[in-house]
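Participant: Just dropping this structure here.
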Amino acid sequence: MQKKAKMKWDTRTVVFLGLLVAMQIVLARVAVIDLGSYRITLGSVCTILAGLWFGPLGGGLCGLVADILGCILKGFAVNPLITVASILWGLIPGLMHPLMTGSRTKKTAMLCLSVVITSILSTLVFTTAGLVWLIGYNFYAIMPGRVVQWAIMTPIYCVLSCILYYSPLTSMVQNADARRSDRTASA
């Protein structure tokens, strides 16, 4: 069994993460349906992919930077609980990525499990707590709608994450990493 090389923080990695941050900001702050305490957005998929491709540190950093920059661009104050939720979107899939071994079915199940766990913690726990604690929404008033939002968006996140993870994008990121390793080994 081959041990995965430690992620190198070189220009290519920073560029890939920067692109994922930019896409996450556009999807979460611009191409969004904002209904007050409910936001329909696909931005978290970018952070999930960052975690899968660059590990928990890269994914968490992508979520952190995207949330802070997104708040600045929209003129919002940074809500620490919602920022933790953004970090978790990259951290948990990155932590669970080593468990994605075996058949494609098992890998897909583990990827979806990581998205479901993250979605519960991020959407239902941390973001809801941030909306109640710092913004002042009534928990009992927003929770039913947040559960409906979670039930609709989680399968969408799973499907999109799987489609993009099994697309040529992943091999492009991995091949870039392999070429970098080959150059360093031959030098």
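Any read-out appearing in this document is the output of simple, stated calculations on the displayed coordinates, not a laboratory observation. As the structure is a computational prediction, the values presented were derived from the model and not from experiment. With ideal geometry, Cβ positions are generated from the backbone for all residues, glycine too; neighbour counts draw on all protein chains shown.
Participant: Report the longest stretch of the chain that contains none of the trypsin sites (Lys or Arg not before Pro) sitting in a DSSP loop with at most 15 other Cβ atoms within 10 Å.
Facilitator: Values: sites that count: Lys3, Lys4, Lys6, Lys8.
No qualifying site falls inside 9-187, the longest such stretch.
Participant: Among (1) 11.5; (2) 13.8; (3) 10.9, which one is mean projected area of the Cα convex hull in nm² computed from these coordinates?
Facilitator: Read-out from the structure maps to (3).
Participant: State the Cα centre-to-centre distance between segment 104-137 and segment 23-64 in whole Å.
Facilitator: When both Cα centres are located, 12 Å separates them.
Participant: Given contacts defined as C-alpha pairs under 8 Å and at least six residues apart, what's the relative contact order of the chain, whole-number percent?
Facilitator: Numbers: 234 pairs, mean separation 35.9, N = 187.
Reported relative contact order: 19 percent.
Participant: In degrees between 0 and 90, to the nearest 10, how far off the longest principal axis of the chain does helix 139-165 point, with axes built from Cα atoms?
Facilitator: 20
Participant: Using Cα atoms only, what is the angle between the long axis of helix 44-74 and the major principal axis of the chain, expressed in degrees (0 to 90) to the nearest 10?
Facilitator: 40
Participant: Enumerate lysine pairs in the chain that are 8 or more residues apart or on different chains, then count those whose Cα atoms are under 30 Å apart. Intermediate results must be reported in sequence, preceding the final value.
Facilitator: Working: Lys3/Lys106; Lys3/Lys107; Lys4/Lys106; Lys4/Lys107; Lys6/Lys106; Lys6/Lys107; Lys8/Lys106; Lys8/Lys107.
Lysine pairs satisfying the spacing and distance rule in the chain number 8.
Participant: If you stretched the chain out fully between Tyr38 and Ile152, how much longer would it get, using 0.36 nm times the residue separation minus the C-alpha to C-alpha distance? Each step should come with its number before you reach the end.
Facilitator: On the way: separation 114, 0.36 × 114 = 41.04 nm, distance 1.20 nm.
Full extension of this stretch gives 39.8 nm more.
Participant: Using only Cα atoms, tell me the angle between helix 11-25 and the longest principal axis of the chain; keep it within 0 to 90° and round to the nearest 10.
Facilitator: 20
Participant: Turning to a different aspect of this structure: Label Val125 and Ser171 with points 7 Å out from Cα along Cα→Cβ: what is the distance between them in nm?
Facilitator: In this crude label model, Val125 to Ser171 measures out at 3.7 nm.
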